[in-house]
Amino acid sequence: MLEASQDPRIKLLTYAELEEVKGYVGNFEVKIRKKARLIDETRCTGCGLCIERCPTFTSSEWDLGLGQRKAVYKPFPQAIPNVPVIDSEVCGHFTTGLCSVCEKICPVGAVDWNQRDEVIEERFGALVVATGFELFDPSLYGEYGAGRIKDVITGLHFERMVNPSGPTGGHLVRPSDFTEPRRVVFIQCVGSRDAERGVPYCSGICCMYTAKQVILLKEHIPEAEAVVFYMDIRAPAKGYEEFIRRAQEEYGAIYIRGRVGRIYEEDGKLIVQGTDTLSGQALELEADLVVLATGVVAPQEGDRIGQLLALARDDYGFFTELHPKLAPVETMSSGIYLAGCCQGPKDIPASVAQGSAAAGKVMALFSKDELESDPQVAQVKDLRCIGCFKCRDVCPYGAIEEKETPWKKMVARVVETVCGGCGLCTATCPTGAIQLQNFTDNQLLGEVESLCLGWRRESAA
Amino acid sequence: MIDKLKEAVREHLEELELVIGYGEGYDPLHATPIFVRRPEEVDRLLWNPLCVYNLATYLYGLKGKKVGVVVKGCDSRSVLQLLNEGLISREEVFLFGLPCSGVLDLRKLAERVDVGRVEEVSWQEGKILVRTREKEETIPLEEVLQDRCLSCPYPTPLIYDVLLGDPLPPKGENEALLRQVKELEELTPPERLRYWKEELERCIRCYACRNACPLCVCQDWCAAEARDPHWISMRDGVKEKWMWQVLHALHLAGRCTGCGECERACPMGIPLLRIRMKINAELRELFDYEAGVKEGERPPLLTYQVSEPKIEEPKW
Amino acid sequence: MSGMEERERRIVGFLCNWCSYGGADTAGVARLQQPTDLRILRVPCSGRVNPLLVVKAFLEGADGVLVSGCHPGDCHYVEGNYYARRRLELLKRFLPFMGIEPGRFEYTWVSSSEGQRWQKVATEFVEEIHRLGPFAGWEDEG
């Protein structure tokens, strides 16, 4: 991210969101809302004095509630740009109207209480959507006690704890009493591969990160015992299977093939009830910490982005690629590309590969001055169009716009580069004004007629 | 109710370019749509079971003007459907809502009196009094109301700016019209085809059904009269007439509110409404959908669901 | 064509280019026997099929009409067949009311790899049309 922020050809807009997108490939008109961080980026040096002196604490989202942050904060130490943001919901200046510590202490006067959101309008030739993923909410599995039992955490909580800049300074401890766990149980497939209560698909990353977490655990606390409950181990890429083996053989993790039915607390310990399907036995284990490998889900923001860009999504909210095998980073909308988990669960190498692929597609697009496209597109006869726009409402590509004729009538207009050539518009249009070229109504009627004419001649003969 | 209507029209006439309502027709058995522009014209307005016309049919043509329109329950559904399709805008219509207990079917009345010689028509509680030169007849309204009114599900307008009467309870769920559909379904398909060929033989392709329909906004651009695309020729054959009616009904699928104006307007007395009611009944079953009843609802054939609970898998 | 065999019926099939047409092609490549009286018209998507095209085919003398597209969820154009499913289901329920016997119009989903399935669909549909006989509705209309 640092490289990207420093490259003069890249404009990085952080703390900003997409507001509106109009137009089409090569000519997207985009409005972006840059939200007010209440700190003047041009003056701030990133010294961090404001953060040091801020008297207001609140729960840290980045640390998933395991730690705290101030009202003025940087989400994480290496955040780009190196400028904090003020959370006006908890900041004393807004809640009590009394606090201005940061403003007073700032050596360059960068605090700006009157800063407003800024809406930037710009034109772009292509859009790449890489909006990532969120994690499955394990509290939906009440029997695991997530959200209720303090020492039942998710894989991401684990990551925050082992991170040296995290809430526990890099120490792996039980959130309830801050002691080091002696036995940690990892449960895979929490939310994934569960058509009834979770999502039916495999998230693809949990087997690998659980093995990594097992290794990290053993490196932090060599005496600790790691137990992993799994259904299958999915380790398809280069070096992956060998990595899992290392966790099992070198680091002594115990892998049990079975599911966990229930977790409860007793005398300060966690009791994990599960099965070992390979031996056919029911198990009951005592554990100090349970880590749930929660599945990958599409971000909630996806709904809004999907609508702004008219992108199709599957039943689980992941954006739909143009073709699952032959066009994984393109969408039905020419000029809009996908990369990473927003298209479907995948790990880092695959996400990076898709990022490069999307960039490649954009470069191929930009290398031309003109776009060649298939002539099998729809065309509107202005004189026959009544402007009902039923075609626009059904077009899967969003390829139809409004246009005013010289006689002041609003009619439909097809953006030829975006049109996919399906003909749904033609079948929908009540007057037959919009016709898919090469499959017009008259052409198909002609085919039907000549077919039947042939029959009539045959039967007459 | 008529006094309340006149009062309301007088009150709002200034902010509107015109108000479409019902006035006296060319004979005592007919009302007619009238366009009120000036206060002096307000007294021409009337309200009685002769007010059969669906005045929503004018709305699309008056786009760009702010108009007032008098609507019965059935008419308000047409307005709602036009709004749902984005064909008119809500700010441009002011709706004077009149709860309605039913309107007259002149064909039914013609079986009882000589409708060509009517001198006076008056109303009593639940009855119509018709005086011709020869005699005077008092007929219970229920016997001469349109079939669709007998089991009207929406006597009270579903959308209005002012409601000028007490809301009325539904008379039914269109049983009378659905019975017409069922009667035909008791025949075999070849018998049904014969029936339609007999009925549609009389069609003269005058397009009164199309012109009376509030949802038919294509009018001069109608696919039935076009050569590009050439769906139907101008040949005067029953095949073409059958095709025209099927085309019309399918183009209205999910849009038709069952107001029956098509059948009323048909000069040849062809039972057009039951063709549309069949489609409406199927859409009700398949998608739990009725046109012009819920604000913002999309016609079912212009949308889809990834899984359709009521549509069975193909048999293969 | 021998006069002793049963006459071929006039059957029109609207097949979507990406799935069903490919499926019929696959059947052909595998040398699977298909009835010759089903004549195929290629369309880009089942969503391109205006229900009126089916109606027109019957008016022009077809005894049966079949529409086949991609399985719902697999449409090459993502959504086309979802609309087709709704519109053609309605048509299927409406046509008998106007006098065309049930069974003469059917719609189905065949993917481009389902050669055998296409053979089954085509054979069984054509058999049904033979069983129903010629559509005599317009014989007297010229």
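The values are calculated or read from the model by the stated rules, or taken from the named source; none is laboratory data. Quick caveat, the model's predicted, so the values are computed rather than measured. Every residue, glycine among them, receives a Cβ derived from its backbone with ideal geometry; neighbour counts consider all protein chains shown.
Points to keep in mind about this one:
- The set of residues in the stretch A:67-83 being buried (at least 19 other Cβ atoms within 10 Å of the Cβ) and hydrophobic (A, V, I, L, M, F, W, C) consists of A:Ala71, A:Val72, A:Val83.
- The condition (being at pLDDT below 95, of a type in the set (D, E, K, R) and in a loop (DSSP other than H, G, I, E, B)) is satisfied by just one residue among A:Glu180, A:Glu196: A:Glu196.
- Top-ranked residue in the stretch C:69-86 [being on the phi < 0 side of the Ramachandran plot and modelled with pLDDT under 85; ranked as nearest to the other protein chains (Cβ to nearest Cβ)]: C:His76
- For B:Glu91, the conditions (1) at pLDDT 95 or above; (2) surrounded by 12 or more Cβ atoms within 10 Å (Cβ to Cβ); (3) not basic (Lys, Arg) all hold with the exception of (2).
- Unique match (being touching a Lys or Arg at 6+ places or on another chain (Cβ under 8 Å) and either under 25 Å from C:Gly103 (Cα atoms) or of a type in the set (S, T, N, Q) (or both)) among B:Ala226, B:Ala249, B:Ala212: B:Ala249
- Any hit, the stretch C:102-110, residues being within 17 Å of the chain's Cα centre (by Cα), more than 8 Å from every other protein chain (Cβ to nearest Cβ) and in a helix (DSSP H, G or I): no
- Residues located in the stretch C:111-142, provided they are under 17 Å from B:Pro190 (Cα atoms), more than 10 Å from every other protein chain (Cβ to nearest Cβ) and buried (at least 20 other Cβ atoms within 10 Å of the Cβ): C:Ile129
- Of the residues examined, B:Ala208 is not one that is in contact with a helix residue (DSSP H, G or I) (Cβ under 8 Å, 6 or more places away or on another chain), within 30 Å of B:Arg10 (Cβ to Cβ), among the small types (Gly, Ala, Ser) and away from chain C (no Cβ under 14 Å).
- Of the residues making up the stretch C:16-33, those that are within 12 Å of chain A (Cβ to nearest Cβ) and at pLDDT 90 or above are C:Cys16, C:Asn17.
- Exclusive hit being surrounded by fewer than 17 Cβ atoms within 10 Å (Cβ to Cβ) and in the same structural domain as B:Cys256 (by TED's automatic domain parsing), set B:Lys182, B:Lys127: B:Lys182
- Test result for A:Gln435, at the interface with chain B (Cβ under 10 Å from one of its Cβ atoms), surrounded by fewer than 16 Cβ atoms within 10 Å (Cβ to Cβ) and modelled with pLDDT of 95 or more: no
- Identity of the residue in the stretch B:237-256, in a loop (DSSP other than H, G, I, E, B) and either free of Cβ contacts under 8 Å to residues at least 12 places away in the same chain or on the phi > 0 side of the Ramachandran plot (or both), that ends up farthest from the other protein chains (Cβ to nearest Cβ): B:Gly254
- Residue selected from the stretch C:34-58 under the condition part of a helix (DSSP H, G or I) and at the interface with chain A (Cβ under 9 Å from one of its Cβ atoms), by the criterion farthest from B:Ile232 (Cα to Cα): C:Gly47
- Set B:Leu301, B:Leu286: member being within 22 Å of B:Gly86 (Cα to Cα), aliphatic (A, V, I, L, M) and assigned to a helix (DSSP H, G or I): B:Leu301
- Single residue of A:Gly147, A:Gly169 found to be over 27 Å from the mean Cα position of the chain (by Cα) and at pLDDT below 95: A:Gly169
- Within the stretch A:359-417, tally of residues that are touching a Ser or Thr at 6+ places or on another chain (Cβ under 8 Å), part of a strand (DSSP E or B) and in contact (Cβ under 8 Å) with a residue 40 or more places away in the chain: 1
- In the stretch A:383-427, the residues that are under 20 Å from A:Phe439 (Cβ atoms) and of a type in the set (D, E, K, R): A:Arg384, A:Lys390, A:Arg392, A:Arg413, A:Glu416
- Any hit, the stretch A:440-458, residues being more than 23 Å from C:Leu15 (Cβ to Cβ) and either polar (S, T, N, Q) or in a strand (DSSP E or B) (or both): no
Residues checked against (1) among the charged types (D, E, K, R); (2) in a helix (DSSP H, G or I); (3) touching a helix residue (DSSP H, G or I) at 6+ places or on another chain (Cβ under 8 Å):
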position: A:Arg69; (1), (2), (3): yes, no, no
position: A:Pro81; (1), (2), (3): no, no, yes
position: A:Ser88; (1), (2), (3): no, no, yes
position: A:Phe94; (1), (2), (3): no, yes, no
position: A:Cys99; (1), (2), (3): no, no, yes
position: A:Ser139; (1), (2), (3): no, yes, no
position: A:Phe158; (1), (2), (3): no, yes, yes
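- Filter pass, B:Asn211 being farther than 22 Å from A:Ala427 by Cα, part of a helix (DSSP H, G or I) and in contact with a Ser or Thr (Cβ under 9 Å, 6 or more places away or on another chain): yes
- Within the stretch A:400-432, considering residues that are in contact with a strand residue (DSSP E or B) (Cβ under 6 Å, 6 or more places away or on another chain) and within 25 Å of C:Arg42 (Cβ to Cβ), the one nearest to the other protein chains (Cβ to nearest Cβ): A:Gly423
- Taken over the stretch A:131-140, the residue count meeting the criterion of being in contact (Cβ under 8 Å) with a residue 40 or more places away in the chain and surrounded by fewer than 22 Cβ atoms within 10 Å (Cβ to Cβ) is 6.
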